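The values are calculated or read from the model by the stated rules, or taken from the named source; none is laboratory data. Keep in mind that this is a model prediction, so the values were computed, not measured. Positions of Cβ are backbone-derived with ideal geometry, glycine not excepted, and every protein chain shown enters the neighbour counts. For accessibility, only protein heavy atoms count, side chains too; no ligands or nucleic acids. Shrake-Rupley method; radii C 1.70, N 1.55, O 1.52, S 1.80 Å.
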Amino acid sequence: MVLINRDVSTWSKSQIIISALLKIFRGFLKKIFLRRSKGLLFVGRHVTLQNKQYISVGKNVKFEDCSEIQGLSSHGIKLGNNVTIGRNVMIRPSSYYGVGHIGYGLEMGDNSSIGPDGFIGCAGKVQIGKNVMIGPRSMLIAENHIFSDSNKLIKEQGVAQKGIIIGNNVWIGANVTILDGVVINSGAVIGAGTLVNHSVDKNKILVNKRSINLKNR
């Protein structure tokens with residue numbers, strides 16, 4: 001476990017410790033229903049873990065407040081050691097009601113994190129490597145609707161699922177959207193607000209240039 005900064009006051013430390021102990025207690029109540037769990041599990045308030053039998057977690061995994069994980073999937077939800085799922089994050093491979101296609105699922109490596117308000121649509125395979133940082137409000141959508149036949153409703157034409165793969169040591173900024181079929185290789189950096197619809201080479205930086213300077217004030 002990471003030690004609390006020595007500059008933090010005693011009162012603040014006590015609040016942090018009490019909060020962590022409550023999360024460990026909630027984790028203890030939930031982990032016995034998971035497919036696999038090692039070590040401590042930290043669970044915040046109002047966390048939803050649905051179909052827990054499909055969810056596997058390593059040591060010191062954290063589900064922050066109001067996160068929502070649907071386990072139902074063909075390959076399960078597998079989280080490595082020291083993974084953090086931020087506040088309000090949603091992980092959805094399948095419908096909550098079990099209708100339609102049963103999605104593939106998610107695999108996430110050690111020491112990786114998803115920031116607050118993130119969304120992982122893992123109907124297609126989503127694989128996230130080790131030491132990956134995903135910023136707030138970012139989305140990974142491993143599915144694409146087919147719409148080639150204009151004589152049919154789009155929702156009746158099915159979907160394509162190529163999957164999304166993210167290598168190790170990747171930094172993904174806030175408000176990034178990553179679409180189906182993308183591979184982000186190790187060491188890459190994705191700038192905030194970027195729409196990623198093609199693969200990114202190793203150690204490359206990808207930024208969408210959306211800001212235009214019209215004139216000085």
Largest first, please: the extent of the C-alpha atoms of segment 1-51 along each principal axis, to the nearest Å. 41, 21, 12
Counting only protein heavy atoms and rolling a 1.4 Å probe, one gets per residue an accessible area for the chain in Å² of 59
For a quick check of understanding: with a 1.4 angstrom probe and all protein chains in place, what accessible area in square angstrom does Leu195 have, to the nearest ten? 70
Apportionment of accessible area to carbon and sulfur, segment 70-217, percent (1.4 Å): 51
Ser113 - accessible surface, heavy atoms, 1.4 Å probe, Å² rounded to 10: 40
Which pairs break 25 Å Cα to Cα here: Lys130/Lys202; Lys52/Lys130; Lys59/Lys162? Lys59/Lys162
Counting only DSSP beta bridges fully inside the chain, the antiparallel percentage to nearest 5 is 5
I want the local charge near Tyr96. Using Cβ-Cβ distances under 15 Å, sum +1 for each Lys or Arg and -1 for each Asp or Glu among the other residues. +1
Under a 1.4 Å probe, counting only protein heavy atoms, Lys202 has an accessible area in Å², nearest 10, of 130
Stokes-Einstein, Kirkwood over Cα pairs, segment 85-177, 25 °C, 0.890 mPa s; D in µm²/s equals 175
Just by accessible area at a 1.4 angstrom probe, what is the order of Asp149, Asp65 from largest to smallest? Asp149, Asp65
What does the charge count near Ile55 come to, summing +1 for each Lys or Arg and -1 for each Asp or Glu among other residues with Cβ under 9 Å from its Cβ? +4
Defining a contact as two alpha carbons under 8 Å apart and six or more residues distant in sequence, what relative contact order in percent does the chain show? 11
Helix-only [θ] at 222 nm, the chain, -39500 (n - 2.57) per DSSP H run of 4+, per residue, nearest 500, equals -3500 deg cm²/dmol
Distance histogram in 5 Å bins (all Cα pairs of the chain, percent per bin): 2, 7, 13, 18, 17, 14, 11, 8, 5, 3, 1, 1, 0, 0
Residue span Ala20 to His101: 0.36 nm per residue of separation minus Cα-Cα distance leaves a gain in nm of 25.4 nm
